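Written below as structure tokens is the structure these notes are about.
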Amino acid sequence: MNFEKEIKTTLISNNFLIYISTEEEERLEYLLRDTINKLFRKKVYSWNFIDGYTDNPNYISQCIQNPLEALNSIKKYDNKKIKVFFLKDFHVFFKDISISRKLKNLYHYLKKHNQYIILSGIETTLPKELKEYITYFKMPLPNKKEILIELNRFFYQTELDNSKYKNSICIAYSGYSINKIRKSFSKLILQNKSIKQIIQNILNEKATIIQQTDGLKFYSSSNNILEVGGLENLKNWLKIRNLAFTQKAYSYGIKMPKGILLVGIQGTGKSLSAKTISNQWKLPLFRLDISKIFTGLLGESENTIEKIINICEKSAPCILWIDEIDKIFSEYNTNNDSGTKQRVTNIFLTWLSEKQTEVFIFATANTVNQLPIEILRKGRFDEIFFVDLPNFKERLKIFKIHLKICRPITWNKYNIYYLSKMSKGFSGAEIEQSIIEGMYEGFYENREFTTIDIKKAIKNIIPLSKVERNKILNLRKWGYSGNIKIA
């Protein structure tokens, strides 16, 4: 339900005292005027502490710096024809006993005369004594439609060629208020930047803001080509859902994907897959750092996870990458945390099940032993994939990808067929390391590195599949049990 519909539904459902939490007062007032006019064919009469009732000709000079009188004047005879009163910054006065008592008394009067008081402020909670009387909801940040309207005004005035990049700019500005969008876009246009530069500047600006939040790192989608060797089933699953967050998908009636969980051996491309999806889907990527969520202060961890969830929802559509989600249930599973871990887990799991916003969860885990059944059951994620060690064909592709990066012209001079046969049991990360070791050998001897150098490196590397043989065997047994999809 969009915000305008929510206001309409709230008003026609006999909610006569309403409090709306927002920092966008100007936008709220515009939406209220438009909605009230459509619903009742009436004006909205506004009050603020400095100017009093600015839209009421009967009391143009009254109720200035007097919130109690602003409420008292509502009951006056010649105000009975007024349908809606809009009182700004009223959260400041809630703790005043005379104000809270007056609001309670007014509730019955408003109900009898079919009038409404809409209060606004930045406070997100109501006092206990007023919760029974006041209907509360939070005004969401601008949706895609509102951002597009704002951008079209700029494009119309500047005649910028925008058709190709409008959707990308819209996504980049998700999580911004209308006022911030206006200031930011005006500044970027005045700097005479191209559309591509404008998008990058917005993302850089957003990254700076988000980096200030502990536990969250921002990656903007880029045009750099990222390639993952193998994982064909996973790639196909993601390819089919490539346009899931578009207006076309919404019109078609498709349910937006919730997310996926990749379980597998370290170094098999799980993390790289997250960055690849961000690039392919052209969506911003947020990485959740579990280690920074759990702090020593009681209640701080819960506040941090809720803040992170809030940022992701404001920035939707986006991808939330939770690397090594199993750490939540192992590394921080102590008996001396006063239940912090359990509360953080409950907040996250509840959100995972109930979230309605376009936040795609990309979670990875190295083991299933520590993951509770609540995580693994259907509903939390759309699909769970097992990521195995690469087979021969996949190793061929991984060698090709990494050699192309460091030797884009001469990569085919290396015997990747031979190297792939030799590196059985190696992960993608270990294959990359063998090439790096080979390069060091050639560089040290002041010559070009060869297949022989990489061969030596492969022989010297002890892969994780040997070091953690039993653990990996058990994980593969689980992965090939038939209950999990193979990536």
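The values are calculated or read from the model by the stated rules, or taken from the named source; none is laboratory data. In this text the structure is predicted, and so the values were computed from the model without any measurement. Note that we place each Cβ from the backbone using ideal geometry, even for glycine, and neighbour counts take in every protein chain shown.
Some points to look at:
- Any hit, the range 139-146, residues being crowded, with 18+ Cβ neighbours inside 10 Å and farther than 19 Å from Glu6 by Cβ: no
- Within the range 250-286, the residues that satisfy the criterion of being of a type in the set (Gly, Ala, Ser) and outside any helix (DSSP H, G or I) are Gly253, Gly259, Gly264, Gly267, Gly269.
- The listed residue being hydroxyl-bearing (Ser, Thr, Tyr), within 28 Å of Asn204 (Cα to Cα), surrounded by 20 or more Cβ atoms within 10 Å (Cβ to Cβ) and modelled with pLDDT of 75 or more, out of Ser271, Ser278: Ser278
- Qualifying residue in the range 151-161 (condition: in contact with a Ser or Thr (Cβ under 8 Å, 6 or more places away or on another chain) and either under 30 Å from Pro284 (Cβ atoms) or of a type in the set (S, T, N, Q) (or both)): yes
- Among all residues of the range 144-155, there is none that is in contact (Cβ under 8 Å) with a residue 40 or more places away in the chain and either assigned to a strand (DSSP E or B) or closer than 20 Å to Thr10 by Cα (or both).
- From the options Ile209, Ile189, residue that is farther than 22 Å from Ile20 by Cα, at pLDDT below 80 and either among the acidic types (Asp, Glu) or over 15 Å from the mean Cα position of the chain (by Cα) (or both): Ile189
- Among the residues of the range 273-283, those that are out of contact with any helix residue (DSSP H, G or I) (no Cβ under 8 Å at 6 or more places or on another chain) and without any contact (Cβ under 8 Å) to a residue 60 or more places away in the chain comprise Lys275, Thr276, Ser278, Asn279.
- Pair list, Cβ < 7 Å and 6+ apart or interchain, from the range 162-176 residues that are more than 9 Å from Ile195 (Cα to Cα) and in the same structural domain as Gln200 (by TED's automatic domain parsing) to residues that are modelled with pLDDT under 75 and among the small types (Gly, Ala, Ser): none
- Scope the range 1-41; condition surrounded by 16 or more Cβ atoms within 10 Å (Cβ to Cβ) and over 21 Å from Asn114 (Cβ atoms); matching residues: Phe3, Ser21, Thr22, Glu24, Glu25, Arg27, Leu28, Glu29, Leu31
- Ile328 closer than 22 Å to Glu374 by Cα, under 18 Å from the mean Cα position of the chain (by Cα) and either crowded, with 17+ Cβ neighbours inside 10 Å or modelled with pLDDT of 80 or more (or both): no
- Considered as a group, the residues in the range 246-263 that are of a type in the set (A, V, I, L, M) and out of contact with any Asp or Glu (no Cβ under 9 Å at 6 or more places or on another chain) include one that is surrounded by the most Cβ atoms within 10 Å (Cβ to Cβ), and that residue is Leu262.
- Filtering the range 447-485 to residues that are in contact with a strand residue (DSSP E or B) (Cβ under 7 Å, 6 or more places away or on another chain) and surrounded by 15 or more Cβ atoms within 10 Å (Cβ to Cβ) leaves Gly479, Ile484.
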